[in-house]
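A.B. asks: Dropping a structure here in structure tokens format, bear with me for questions.
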Amino acid sequence: MSVQADIPRRPRIAIFSCDAKLGHEVKGATRYTFLASLLTARGFEVDFITAGFQHWEKRQRDLSAFDRSAQPFNVVFIPEPSYPKNMCPQRIWAHHVMAGNVARYFEEHHDYDLIYCQIPPNDVCLAVGRAAERFGIPFVVDVNDLWPEAFRVAFSVPVVSDVLFSPFYRQARRAYDLANAIVGTSDEYAARGFRDRAEDIPKLVVYVGNNLMEFDAGAREFADEVEKPADETWVVYAGNISPLYDLETLVEAVTVAARSCPGLRLKVLGDGPARSAVETAVERTGAPAELLGYMPYRKMAAYLKASDMTVNSLVENAPQSVPTKIGDYLAAGSPMVNASTNPEFRAKVEADGFGVNVDPGDVSALVAVLVDLAGDPARRAAMGERARAVAEEQFDRAHSYEATVGLIRRLLGAPAGNGSAPDS
């Protein structure tokens, strides 16, 4: 009689993210799908839990046609109502419904060794955290944005905003109370989890970053499709066109700077709710600018690689610290003009030497920087070299995300020890 050796069970991980790009989709976030793939490659069994609603395209996914073989991990879709815009009452209601659906899912499926959850949405993260506490499962919160801080920039009315957004604050505090560890996409974001609790659990900073291998491959693949005249100097913005990003100031500055630098051109890659306002600014100023719209990631990489400088253009007091686009900007090997008031990132720009800081909304200061960089190829080359080095050292997911895998391994080797959150 033969004796079959016991085969160790692979640790089961649930990762929740409501706005991921899956399969062959063009739009969406990739931080959590990359982590899911990495964990799968490291021997974990991963369920990736997300919404049936595709946030970036504002449509319901056709689940009957979804290609589950396009990723190495299992995908679980949770029903979520549709909503038309990033900032609208329907979205708040949709997340509320999603929170209830997620709670019901974990009531029936809780054979997990660890749950890793994106915040925001705050109420959904709280529902996941409560399920983790109920079933004694280690719970990691990954801080990808700050709500309601981001909403307050676009909608700030004394007293009214305080009342309207107070539920977001309560949900965030309770979610962080339940965490066994907190991961942030910047120092500021990671620290947010400890505003209302003691720093008595692990904390880790892992930039959103990018996959440098994919970025470089895309830049090579689409290089021939990017036609750049030899006498032009390209200023490139890539990302969301929303009220949080001050592209109208950028348009005005490029308009003025082009008078001294005739070959200066602005390329805007992306789309969003403020696009019409930017188009109006281009028409009004006659700026040498082109809005190219949203494009596939690999083609965007080719445009960034062709840039002479990139711009991180935010409104004053925007809550972003190290936005998603930064990894791609640095990978391009171009100097960065940073119009952000965030102290953490401004300090990084100066310390790492890959760009120049300017104050948001200051057209004359931005003009001076654009003209200076346009006329100094040697300085651009030096800053671009530093940018690429920082991308390789700190933003390449193939290396930086191993820290998250290490954190998960440590948590699985220790007792769960969930905290407790006050009742709502």
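A.B. asks: Kindly put Ser166, Ser334 in sequence by how many other C-beta atoms sit within 10 Å of each C-beta, fewest to most.
C.D. replies: Ordered by Cβ neighbours within 10 Å, fewest first: Ser166, Ser334.
A.B. asks: How much of the DSSP beta bridge set in the chain is antiparallel, as a percent to the nearest 5?
C.D. replies: Of all bridge pairs located within the chain, approximately 5 percent are antiparallel.
A.B. asks: Sort 229-241, 66-78 by the packing proxy (mean of other Cβ within 10 Å over each peptide's residues), most packed first.
C.D. replies: 229-241, 66-78
A.B. asks: Among His96, His55, which comes first, second and so on when ranked by fewest other beta-carbon atoms within 10 Å?
C.D. replies: So the ranking, lowest neighbour count to highest, is His96, His55.
A.B. asks: List, in order, the whole-Hz ³J(HN,Hα) value for each residue of the range 242-256 obtained from phi through the Karplus relation with A = 6.51, B = -1.76, C = 1.60 and θ = phi - 60°; use x for Gly and Pro.
C.D. replies: Here the 3J(HN,Hα) series is 9, x, 7, 10, 8, 7, 5, 4, 4, 4, 4, 5, 5, 4, 6 Hz.
A.B. asks: Cα centroid distance between the range 27-69 and the range 289-354, in Å?
C.D. replies: 26
A.B. asks: Sticking with the crude label model, points 7 Å out along Cα→Cβ, report the distance from Glu25 to Ala347 in nm, one decimal please.
C.D. replies: Distance between label points: 3.6 nm.
A.B. asks: Hey, got the dipole for the range 1-132? About the Cα centre, +1 on K and R Cβ, -1 on D and E Cβ, debye to the nearest 20?
C.D. replies: Taking the Cα centre of the range 1-132 as origin, the dipole is about 380 debye.
A.B. asks: Next question, about the same structure. Per residue of the range 267-276, what does 6.51 cos²θ - 1.76 cosθ + 1.60 with θ = phi - 60° give for ³J(HN,Hα)? Whole Hz please, x for Gly and Pro, Karplus curve as stated.
C.D. replies: For the range 267-276, the Karplus curve yields 10, 10, 9, x, 7, x, x, 9, 4, 4 Hz.
A.B. asks: Stretched out fully, how many nm does the piece from Trp93 to Glu232 gain, at 0.36 nm a residue minus the Cα gap?
C.D. replies: 45.3 nm
A.B. asks: To the nearest 0.05, how large is the calculated FRET efficiency for Arg298 and Phe135 if R₀ is 51 Å and r is the Cβ-Cβ distance?
C.D. replies: E between Arg298 and Phe135, to the nearest 0.05, is 0.80.
A.B. asks: Nearest 10 degrees is fine. How inclined is helix 363-374 to the longest principal axis of the chain, computing both from alpha carbons?
C.D. replies: 80
A.B. asks: For the pair Lys85 and Ala389, how long in nm is the line joining their label points, each one 7 Å along Cα→Cβ?
C.D. replies: 4.5
A.B. asks: Phe77 to His110: FRET efficiency via 1/(1 + (r/R0)^6), r the Cβ-Cβ distance, R0 22 Å, to the nearest 0.05?
C.D. replies: 0.75
A.B. asks: Which ³J(HN,Hα) values in Hz, rounded to whole numbers, follow from the phi angles of the range 180-189 under the Karplus curve 6.51 cos²θ - 1.76 cosθ + 1.60, where θ = phi - 60° and Gly and Pro get x?
C.D. replies: Per residue, the Karplus-derived 3J(HN,Hα) values read 9, 7, 10, 10, x, 7, 7, 4, 4, 5 Hz.
A.B. asks: State the answer as a single residue: which of Ala331, Val140, Val128 lies farthest towards the positive end of the charge dipole of the chain, with beta carbon charges of +1 for Lys and Arg and -1 for Asp and Glu, about the Cα centre.
C.D. replies: With unit charges placed on the Cβ atoms, the residue in question is Val128.
A.B. asks: By DSSP, what percent of the beta bridges with both residues in the range 3-85 are antiparallel, rounded to the nearest 5?
C.D. replies: Given both bridge residues lie in the range 3-85, the antiparallel proportion sits at roughly 15 percent.
A.B. asks: Relative to the compact globular guide of 2.2 N^0.38 Å, what is the alpha carbon radius of gyration of the range 288-384, as a ratio?
C.D. replies: Its radius of gyration relative to the 2.2 N^0.38 Å reference: 1.05.
A.B. asks: Say R0 is 25 Å: what FRET efficiency, to the nearest 0.05, do Asp376 and His399 get from their beta-carbon distance?
C.D. replies: Efficiency at R0 = 25 Å is approximately 0.20.
A.B. asks: Note down the magnitude of the dipole of the range 131-271 about its Cα centre, charges +1 on Lys and Arg C-beta and -1 on Asp and Glu C-beta and zero elsewhere, to the nearest 20 debye.
C.D. replies: 580
A.B. asks: Using per-residue counts of other Cβ atoms within 10 Å, averaged over each peptide, order 210-219, 284-293 from highest down.
C.D. replies: 210-219, 284-293
A.B. asks: Here's a follow-up. Treat each spin label as a single point 7 Å out from the Cα along the C-beta direction, and report the Arg42 to Glu57 distance in nm.
C.D. replies: Label-label distance for Arg42 and Glu57, simple model: 3.1 nm.
A.B. asks: Give me the angle, in degrees from 0 to 90, between the Cα long axis of helix 297-306 and the longest principal axis of the Cα atoms of the chain, rounded to the nearest 10.
C.D. replies: Tilt of helix 297-306: around 30 degrees.
A.B. asks: Report, by chain and number, residues whose modeled amide H sits under 5 Å from the one on Asp196, excluding near sequence neighbours (fewer than 5 apart, same chain).
C.D. replies: none
A.B. asks: Another question, if that's okay. Using only Cα atoms, what is the ratio of the radius of gyration of the range 1-117 to 2.2 N^0.38 Å?
C.D. replies: After normalising by residue count via 2.2 N^0.38 Å, the value is 1.21.
A.B. asks: Please work out which option in (1) 32.0; (2) 23.3; (3) 20.5 gives mean projected area of the Cα convex hull in nm² calculated from these coordinates, and answer with its label.
C.D. replies: (2)
A.B. asks: What pairs in Lys58/Lys267; Lys27/Lys348; Lys203/Lys267; Lys85/Lys348 have C-alpha atoms more than 31 Å from each other?
C.D. replies: Lys203/Lys267; Lys85/Lys348
A.B. asks: Quick one: order Cys117, Cys125 by neighbouring beta-carbon count within 10 Å, fewest to most.
C.D. replies: Ascending Cβ contact count within 10 Å gives the list Cys117, Cys125.
Every read-out reported here was derived from the displayed coordinates using simple, explicitly stated rules and does not represent laboratory data. From a predicted model like this one, the values you see are computed outputs, not experimental measurements. Heads up, the Cβs are rebuilt from the backbone with ideal geometry, glycines too, and the neighbour counts pull from every protein chain shown.
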